[in-house]
1. Here is a check on your reading of the model: is Trp120 touching a strand residue (DSSP E or B) at 6+ places or on another chain (Cβ under 7 Å) and not assigned by TED's automatic domain parsing to the domain that holds Leu217?
2. Counting residues that are at pLDDT 95 or above, which helices (runs of 4 or more DSSP H) fully inside segment 317-407 reach at least 2?
3. Within 16 Å of ligand 1 (Cβ to nearest atom) and among the hydroxyl-bearing types (Ser, Thr, Tyr), is that true of Thr149?
4. Say whether the condition of being under 30 Å from Phe388 (Cα atoms) and part of a loop (DSSP other than H, G, I, E, B) is met by at least one residue in segment 172-179.
5. Evaluate segment 1-10: report whether one residue or more is among the hydroxyl-bearing types (Ser, Thr, Tyr), within 22 Å of Tyr262 (Cβ to Cβ) and at pLDDT below 95.
6. Quick test for you: out of Ala336, Ala246, Ala258, Ala251, pick the one residue that is hydrophobic (A, V, I, L, M, F, W, C), out of contact with any Phe, Trp or Tyr (no Cβ under 9 Å at 6 or more places or on another chain), closer than 30 Å to Val191 by Cβ and buried (at least 23 other Cβ atoms within 10 Å of the Cβ).
7. Listed residues Gly188, Gly162; which is part of a strand (DSSP E or B), more than 11 Å from ligand 1 (Cβ to nearest atom) and buried (at least 24 other Cβ atoms within 10 Å of the Cβ)?
8. Exactly one condition in (1) assigned by TED's automatic domain parsing to the domain that holds Asp90; (2) more than 20 Å from the chain's Cα centre (by Cα) is not met by Phe30; state its number.
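The values are calculated or read from the model by the stated rules, or taken from the named source; none is laboratory data. These numbers were taken from a predicted model, which means no experiment stands behind them. Virtual Cβ from ideal backbone geometry, glycine too; neighbours counted across all protein chains shown.
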Amino acid sequence: MSRFPGVDFLDFDSLLEDDERLARDTVREFVDDMVVPIIEECHREARTPLELVPKIAELGLFGATIDEYGLPGLGNVAYGLIMQELERGDSGLRSFVSVQSSLVMYPIYAFGSQEQKDRWIPALASGEAIGCFGLTEPDFGSNPGGMRTTAKKDGNEWVLNGSKQWITNGTLADIAVVWAQTDDGVRGFLVDKGTPGFTSSDQHGKFSLRASTTSELGFVNCRIPADAILPKTVGLKNALMCLNQARYGIAWGGLGAAMDCYNTALEYSKERIQWNGQPIACHQLIQEKLVWMVSEITKGQFTALQMGRLKDAGKLKHQHISLGKRNNVWVARECAKLAREILGANGIVDDYPVIRHMLNIESVYTYEGTHDIHGLIIGQSITGIAAFNAPQTDDARHKVEVAQRAS
Ligand code: TGC
Ligand code: FAD
């Protein structure tokens, strides 16, 4: 079986430390040996490859940057390279590890009590427990600050009411990190599977991220103990801090999907013969597409590396992460489209990974902050002006009222 060669046009490797290369190569081998052989089938069957969870845990990939509880305490570049390799396998697989590590283990580790950490970090690291992260609601995606889910204190308990939508691993999860409005603003809570009043169901009909489970969560007078709150959460900002971790990983992950598309197209173009017995790689228009891909992947690699070095130094700002997520996922999206073109009709079948990456990237382009929301975050950073919430004119208000009455 041929090994994935990676993409390294500008001697990127020479900037990595030995332990970073080791982490990347270990996961590269895992993806070649265990993910590639099953992933198309999972995509066809819309099935999360749960059989991989023990091996992912054995490799120390859940919570890999934590350096307690026997976890590896890897640096951020090694972590990023792991995300790159996983997403080269499938965006859904990277999502599984991202959610578990960045959106469940991170908030418990950063904002949880000692008891919460002791109970959940080892179980999540070993894959015995699976977690999910409930921020998005049916009416509040890009604007989570408007969320309607509430948590009201009642004696020794919190009472949750509301719903969450588009939640990765929702029905698989033993523990849900749920964000809700309280009298003191948005706070995070841990809700165990099976708690009365807490339901979950899968969302069907996805053309994207089919090897990943996406769910709705419902809370109807769901009572959880007073100590189920993540005590160090003080507002929406804590949820956004979790997103920073995940978005950082996605900036690397997008490159993995882009690299797989590029490599597949490069190999195909050297083998596909048309016209005078020549491979299509001899045509200038094909080369131009390959050159675009390798150029943008290379620029994306250096962006991701600089982000990782800044993160290790404690200097990475959330607007930097927005630039990396926005750019590298866009690069992946464009590479998938170009690779699909180069493959001709073969670009639309799952004998090749390109169409699967192309469909997956549509989710990645939207989740963890859409491409345009990240544009606005960067815009706010450079101008000092937040342009998320357009000023409402009387006319706009009237249109909203008419639309609401009609629905
Ligand atoms: P805003 O008033 O701007 O901010 C509230 C407070 O938070 C601070 N802040 C941040 N802090 C840390 N990290 C960040 N990235 C931060 N962004 C803002 C801010 O300074 C403020 O602090 P303070 O002290 O003044 O209170 O909040 P806003 O309500 O106007 O919203 C801003 C906006 C639009 C940027 C934010 O809401 C946003 O990022 N929207 C996108 C939503 C999103 O990304 N959802 C993702 C859901 S999870 C998911 O998709 C998982 S997919 C599966 C996978 O990861 O694989
Ligand atoms: P909307 O916010 O309705 O946006 C629709 C369009 O309007 C977009 O193009 C957007 O860019 C644009 N738009 C919105 N506001 C503005 C503005 N101010 N200016 C200009 N344009 C604007 N969420 C979780 O909490 N946990 C998860 O585990 C999770 N997993 C997911 C898995 C998948 C497969 C998907 C697809 C989503 C997942 N999400 C999850 C939800 C995801 O984070 C949201 O879909 C995302 O934040 C966008 O919200 P929305 O879909 O409601 O789009």
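1. So Trp120 fits the description; yes.
2. Qualifying helices (runs of 4 or more DSSP H): 318-342, 354-366, 371-383.
3. yes
4. No: zero hits.
5. Yes, that holds for at least one residue.
6. One residue alone meets the criteria, Ala251.
7. Gly188
8. For Phe30, the exception is condition (2).
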